[in-house]
Structures are given as C-alpha cells and as structure tokens.
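The values are calculated or read from the model by the stated rules, or taken from the named source; none is laboratory data. All of these numbers come straight from a predicted model, not from anything done at the bench. Reconstructed Cβ throughout: ideal geometry from the backbone, glycine too, with neighbour counts over all protein chains shown. Please note that ligands, DNA and RNA were not included when accessible areas were found on the heavy atoms of the full protein model with its side chains. Shrake-Rupley method; radii C 1.70, N 1.55, O 1.52, S 1.80 Å.
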Amino acid sequence: MSTKQYNRYTVTAALPYANGPKHIGHLAGAYIPADVYVRYLRLTGKDVIFVCGSDEHGTAIPNQALKENTTPKAIIDKYDALIRDCFDKLGMSFDIYHRTSETIHHQTSQEIFLSLYNKGLLTEEVSEQYFDAEAKVFLADRYIVGICPKCGHTNAFGDQCEKCGSTLSPRELINPRSTLSGKAPILKETKHWYLPLEKYEPWLRDWILKSHQQDWKPNVYGQCKSWIEAGLQPRAMTRDLDWGIKVPLPDAEGKVLYVWFDAPIGYISATRALFEETTSGKLKYATPRSNFSIAQKEDWKKYWQAEDTRLIHFIGKDNIVFHCIIFPVMLHATGEFIVPDNVPANEFMNLEGDKMSTSRGWSIEMHEYLADFPDKPDVLRYALLTNLPEAKDSEFTWKDFQAKNNNELVAILGNFVNRAVVLTQKYFEGVLPNRKALSEVDVKVLAELKQYPVLIGGSVEAFRFREATANLMDLARVGNKYLAETEPWKLAKSDMDRVGTILNIALQIAGTLAIVSEPFLPFTSRKLKEMLSVGEMNWNDAGNPDLLSAGTKLQEAPLLFEKIEDGVIDQQIKKLMDTKRAVELAQQPVEPAKAEISFDDFSRMDIRIGKILKAERVEKSKKLLKLQVDTGIDVRTVMSGIAEHFTPEDVLGKEVTILVNLASRKIMGVESQGMILMASDKDGSLKLLSPTNEVAPGAKVS
RNA sequence: GGCGCGGUAGCUCAGGUGGUUAGAGCGUUGGAUUCAUAACCCAAAGGUCGGGGGUUCAACUCCCCCCCGCGCUACCA
C-alpha cells in the first residue's frame, strides 16, 4: 500500500462472463478473497462499496446462443440468473450485482468512449478483416479455421494452431473458412477506433514499475512489466458486431464497443446504479450492506474520482492486462477517474491434477456444488480459502475438501465451540458463568486471544487470505488447548468457581471466533452468534475478554459442521469422471462443412473399393506404409500415412476405399498413385472405410 | 523463440530487505485424555529448499547457465 491516506474503498470483483455457469476456480480466483476483504473492511467500520455484475457482451454470447439455438438475450438472462443465485447462496456480500446489458451501463460506456473521442485520444484506422458473407458478420480470429502454414494442421484457429502451438493471424491461414458457415470468408474493409496504449507507456512505467514495485504481487507486477517492456500498441476499442453497446458516432453503423472496453466500465455503472437505487428507494439489483440512505445520487463519483478513494480490483490472472494496463489507461486518459491502488490477482486453481475447464467438463460448477451440498457454503469457502492460488497455481481435490471439513471445521472449530457450550449447559444450565480469580494459564490465554484479531486483520489487509484463514483456525486450537490444559470436567466435583472461570474464558474465545470468522465463514458466524445470544459486533470487539457478559443464556447448540463420509466424496469424484466422459462424447469435434461444390465437382472424383495385396513399412518414415492395392483396374502402389495407426499386418487383405484418379505424386522417392480414404475420429485415430459385405475390387463408390 | 511467474517434508502450501538447529496444516508413528461429531491435547520421525556454477565470513533467500510446470506474446471475454 502506498503512504496515501484513504478515506473510502471501492472494491470490485471480476465481472463473470454470462455465457455459461462459473466454477469454483473463479471463486478461488476473485470472488472469495474479495468478499473476505470487504466483509473485513465493513467490520472495521470502513466506508466501502463492493460492486460486481454480469458481463453480457462480446462475440461469445451470440455464439453460445447459436449453440443453444436461442437468442443472446435469453443466454444472458439465463446465466445472469444462475450466477447471481449462486453468489447469493455462497454469501457474496455485493452492495450491487449489476448487468452490463442495463441502460445505465450503455450510457456510461458511451459517455466514456465519447469523452476519449472528443478529447482526440482515439485514432481511426481502416483495415481489411475477414467477413463471412453468408452469416454477414466479421469474424473474430477464433472463428476462422484453416490450414496451419507452419505444420500443415488442417484445423488451425485464426489466432493459434493448437497442434504446433504457433501464434497465427487469420491472414496466414491457408484455405481459411468460417466456423459459422463453413464458407471461405472474404476480406472486407472496416473502420475502427483505437486506443493508442503506447502513448501512455511513460505514465504506466511511472505508475506501475516505479510506484508499485513493492506493494503489487510479483505475478501481477511481472506480468505488467512483461507487457510494458514488450512495447504497447494501439488496441481497437470497437468491433463489427450487432451484439453490444453501439458506438455513439454517426458513421458507426453495425459497430459496437469492444467487450473489454465496456466490461470494466461495468464497475462504474454498477456504482452509479447502486446510488440511484438506494437514493430512489427502488432496489432492483442493489443489496446495500452499509447505510447509503443518506447518500446522494451523485455520490458514485466519490468512489471513482476522489483521490482519497482506494480502488482495489480482485481478478484472476487471465485478467491482469485488462485491469492493469488497458482499463487504467482508459480511466487515466479521461482525466476524471482514479486508477487502482492494487490488483491482487490470483493464479489458477487446478482440479484433481488437471486444469479446470467448464467446456471440457472438468470442473466443479458453483450451482452443482450448491445442489449437492446446499447447507455447506462455508465448507467450500473454507476449503478454497485454505488453498487459494495466491502465489502459484494450486490444486483442489475432493479428498482435501473432505479432510478440511472433517479434520478442521468439524474437529477443531466445531468441536471447540461444541465443547464449550455443552460444558456450560451441563454445569451451569446454559447460563454464562462469572469469572473469578485468574490463574496464570487464564492470563496467558486471554493475552493470546487479544492478539488474534490483530493478526488476522493484518493478514487480510496484506491480501494474505490463506494465512488469515489459518490464523482463524489456530484461534480455535487455542481454545481446545485451553480446555485440555484446564480440564474443567475434572474440577466440576470440587471447584465450581474455577469451572465457571474456565468456561467463561472458553466462551469469550468462542465469542471472538464469532466475530473474526464472519469474513471467512459468514453463515457459521451467524449461527455462532445466535448460539451465544449476541448480536452484530464489529472487529474492535474481537479479543475483548468481556465480550460476553455473565448471566447470558446460551441457546441450544446445533453442530456447526458435520462430517462428510467417504461415500459422498467418492460419488463426487465419480461424477467428475462421468461428466468429463459425457462432454467428450457430446463434443464430437463437428468440423464445419466445407465450401459447397457442384455435383460435377463431385463426379470428377473416381472412388473405388480396392484390396490391399501387400503392405510394408517405409524406411525412415514414422507415418507411411507402402501398399500394393488391387483397384480392379490395375494393381498399383499407394503411399499411405497410416503407420501410426496400423501395422502392415492390420491392413493386409483388407478392402479399402481408394481415390483412384488423384494425380500421382512422389513420396519418399516412391510414386504414389491414389489415396486411401480414412475416417479420422475425434481423438485423431484412423479407421479404414470398408464395405460391410465383400465386393469385387474396382466397385465404384458414389 | 521472447518475456513473466513458479519448482521447499508423502500431500497441499508459507518462507519482506541473505545470518542461530528451514516452517504450517494434513498424513504417519508414539503418548496422554474422555467434556466433545473415536473428536481434542502432547511428542516424534520426515526435506542435499529442481540441477550446476558464482558472489559472500554467511544463500532457500543475490547473480549466471541448464532442466521441468504454468501463463502471456496484444481482435479468445
């Protein structure tokens, strides 16, 4: 943190993209740490707003709509509702969870765009882009496939070949075709507005490289440095698309703002909406956690424009460049907005040894977790918190989840609270006893108790949430240890004053646990407060030896956590495997159809059934088999690239489909006359195409 | 290829600005205990800190080289 004095906080969590459900990796990356941070700030009495919302523009939304055979609007409504509901059930304490499809967001985005435009800060450029004449849309790189110029892979994407890994641009692809229509795209001129990032390099160097070397996380700082040193370039802030925010210029028909231009502005719009809704009293998206009722509609500006506001973005590492370079440049360029003081981006959380991915079916989706464990939001919060990818990618396993629940939440925290409460009920009818003379152990434990809120708070303020969570659990350990050392159950026959003192202290510890657990385990915290018959308290109350007053009647003590049996965990692991398999099968890589041909085109091909008479390996070749094929017309030599899938013995005597009028070609010094046709499966394996019943060599295929 | 971030006990991970016997939780082993969801509490075993050089009185911590993992490489949200 800089030496600056801050009087309020604006905290954002990455806007989830509303093209599908979100998984626990997203939670670990941004939402959970953000929520812990904000809840802590509120408890310490800070002026803080916590904003988030659904990101509902970009090319992937209409694309998902095509996939689900519906409209973009239906897609965003569906996933916004799903994500919103999950966040609510997981205790995300947003002051507002907004949507970028809302009018106020369109206005805000257009205002900022125009502000930049009117200041002459955007440059116009005309370039040629691939256009799908049939779908009548310009194609994003990802939606163009073709032959990789480097390795010959036939399904390289316009931005990258997944086979050889090389970075491409669509223009490099050989025989490009649109994944939408399958047709060859045409080049068409189009005009766009660019933000000249390179002009802000000196400012970025000063702001990030100089001013934030100490306080930004190494992964974030390093990533920014890498970008800046590599040299920044103008970046297009508009797209040719009919889904999004219209470019507010006269000559911009069919153009929208780049989704990464409008998405982060969503934080600002959400803030505006928050104050509009709270001041008008009509709450639609806002769920204000602080008292904003005395606020003014224009107060949103304080949170985005006042120099004494501390702006913090919680994101995953995939968002670093947008939140540390592009968005700050946008904000800075307008001359009206503050830039983030910190961007504590997390790395990724892997799952059972592999990268989490919704599309590959290898993930734990929020809504599925909540469906399977409806009463356990805090268990997930805890399991994620203790293993956040703060410095490097981390790993979530179901076994670990179970262990964290059974060995820590149940055995340490739940057990301590249960012991203290049950003992009080047993010996004092559930009424909190008085504290009498203190022993050395008592004094020591009370001193220790006092330190924990400070310790935990320090870790949270430094964005070390794992450490903070571990400290929380350590406090429960202190409680267990205290009971083990003082053994009140043994003294119950001889010295009830002593027992009372011990239980008073044990319950004070439980009271502090109720407060300091709130940011991490809000649902548990609430239960604990009810159990101890205390209301809402703030962080300053934590550690106080007189937090709970003697004479307080405790409530019946339900167990805070319950054990999770092996069977439940095994079932989850099985479910994970099953989902992955199902997705793999469902996701037959449906390669788009090739460009249309005429019947004549087709009939020019002469395809026959032939019989393999001889097959042998080719020296120095991994892929080739040299085949002698009886085509009915003749016996000819065909070089076939199937050696990685078939041995010569496999194919000997087999009937195969062969293209006989393909121009002959020398391969590895041998004249190859024709081509054996194969079915290539999604995993890349090849299968021979043979007639189901034997036919005479030379039979025509048509 | 270039750049960035990582590679620390069986597992998951901590280890500002170099300095006594390298830490935590889980797991393992042993002990103690019975208030508690056979939980708690105590103790022990367990690491040549990816490999190799170098700087230094001293390096997990700084520099160089190599190996491995992840990410970025700029119209994938």
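Tally up the carbon and sulfur contribution to the accessible surface of chain A as a whole percent, 1.4 Å probe, everything protein left in place.
That fraction is 50 percent.
At what distance in nm do the modelled label points of residue A:699 and residue A:556 sit from each other, each positioned 7 Å from its Cα along Cα→Cβ?
Once both label points are built, they end up 7.8 nm from each other.
P(r) for the range A:365-404, please, calculated from all Cα pair distances in 10 Å bins and given in %.
Bin by bin from 0 Å, the calculated values are 27, 56, 16, 1.
Using packing as a proxy for protection, rank A:662-671, A:355-364, A:40-49 so that the peptide with the highest average count of other Cβ atoms within 10 Å comes first.
A:40-49, A:355-364, A:662-671
Using bins 10 angstrom wide from zero, how does P(r) for the range A:74-115 break down, in % of all Cα pairs?
25, 40, 28, 8
Compute the Cα gyration tensor for the range A:301-370, then decide on rounded, prolate or oblate, letting a ≥ b ≥ c be the square roots of its eigenvalues: rounded whenever a/c is under 1.5, prolate when a/b is larger than b/c in the other cases, and oblate in all that remain.
It comes out prolate by the Cα gyration axes.
Please list log₁₀ I(q)/I(0) at q = 0.28 Å⁻¹ for the range A:193-240, using the Debye equation with identical point scatterers on the alpha-carbon positions.
Calculated log10 I(q)/I(0) at the listed q: -0.99.
Tell me the volume per residue, in Å³, of the convex hull enclosing the alpha carbons of chain A.
Convex hull of Cα atoms, per residue: 208 Å³.
May I ask for the Rg/Rh ratio of the range A:360-510, computed from Cα atoms with Rh as the Kirkwood radius, given to two decimals?
Using only Cα positions, Rg/Rh for the range A:360-510 is 1.07.
So how far, in whole Å, is the C-alpha centre of the range A:257-332 from the one of the range A:623-702?
Comparing the Cα centres of the range A:257-332 and the range A:623-702, I get a distance of 63 Å.
Could you tell me the largest-minus-smallest coordinate of the C-alpha atoms of the range A:192-291 on each of the three principal axes, in descending order and whole angstroms?
48, 43, 19
Order A:10-22, A:421-433, A:302-314 from most to least packed using the mean count of other Cβ atoms within 10 Å.
A:10-22, A:302-314, A:421-433
For the range A:229-382, what is the largest minus smallest coordinate of the Cα atoms on each principal axis, given in angstrom and ordered from greatest to least?
For the range A:229-382, the Cα extents along the three principal axes come out at 49, 46, 34 Å.
Alpha carbons only, please: Rg and Dmax for the range A:426-484, in angstrom.
In order Rg, Dmax, the Cα atoms of the range A:426-484 give 14.5, 43 Å.
Helix by helix through chain A, keep the DSSP H runs that span 18 Å or more along the axis on Cα and average at least 0.5 on Kyte-Doolittle, and give those back in order.
Helices meeting the criterion: A:496-516.
Run lengths n ≥ 4 of DSSP H only: what is the helix-derived mean residue ellipticity at 222 nm for chain A, with -39500 (n - 2.57) per run over all residues, to the nearest 500?
Calculated mean residue ellipticity at 222 nm is -11000 deg cm²/dmol.
Given 20 °C and 1.002 mPa s, compute D for the range A:39-92 with the Stokes-Einstein relation, Rh being the Kirkwood radius over Cα pairs; round to the nearest whole µm²/s.
Details: Rh = 13.2 Å.
D = 162 µm²/s.
What length, rounded to one decimal in nm, is gained on full extension from residue A:215 through to residue A:155, with 0.36 nm per residue of separation minus their alpha-carbon distance?
Full-extension gain reported as 17.2 nm.
Students often check this: by mean Cβ neighbours within 10 Å, which of A:488-498, A:527-537, A:462-472 ranks highest, and how do the rest follow? Before the final figure, lay out the partial values.
Values: A:488-498: 13.9, A:527-537: 17.2, A:462-472: 20.2.
Packing order, densest peptide first, comes out as A:462-472, A:527-537, A:488-498.
Would you mind computing, in nm to one decimal, how far apart the modelled labels at residue A:357 and residue A:474 are, each placed 7 Å from Cα along Cα→Cβ?
3.9 nm
State the volume of the convex hull built on the alpha-carbon positions of the range A:458-502, expressed per residue in Å³ and rounded to an integer.
63 Å³
Given Cα positions, please report Rg to Rh for the range A:371-458, the hydrodynamic radius being the Kirkwood one.
Across the range A:371-458, the Cα-based Rg/Rh ratio is 1.09.
Please give the FRET efficiency for residue A:450 paired with residue A:276, using the beta carbon to beta carbon distance and R0 = 41 Å, rounded to the nearest 0.05. Numbers along the way, then the final one.
On the way: r = 43 Å, r/R0 = 1.05.
Efficiency, rounded to the nearest 0.05: 0.40.
To check my understanding: the extent here is largest minus smallest coordinate of the Cα atoms along each principal axis. What are those three numbers for the range A:623-668, in Å, largest first?
26, 24, 13
How big is D, in µm² s⁻¹, for the range A:245-321 by Stokes-Einstein at 10 °C and 1.306 mPa s if Rh is the Kirkwood radius over C-alpha pairs? Display every interim value, and only then the final one.
On the way: Rh = 14.8 Å.
It comes out at roughly 107 µm²/s.
Please state the charge dipole magnitude for chain A, taken about the Cα centre, from unit charges on C-beta atoms (+1 on K and R, -1 on D and E), reported in debye and rounded to the nearest 20.
In total the dipole reaches around 540 debye.
Mark the label point 7 Å from the Cα of residue A:530 along Cα→Cβ and return the residues of the range A:540-554 whose backbone N is within less than 19 Å of it.
Only A:553-554 pass the distance filter.
What number does the range A:467-599 give for Rg over Rh if you use C-alpha atoms and the Kirkwood radius? Don't skip to the end; give the middle numbers.
Numbers: Rg = 26.1 Å, Rh = 19.2 Å.
Value, to two decimals: 1.36.
Working out 0.36 nm times the residue gap between residue A:495 and residue A:393, then minus their Cα-Cα distance, what length gain in nm do you get to one decimal?
Numbers: separation 102, 0.36 × 102 = 36.72 nm, distance 5.35 nm.
Computed gain between residue A:495 and residue A:393 is 31.4 nm.
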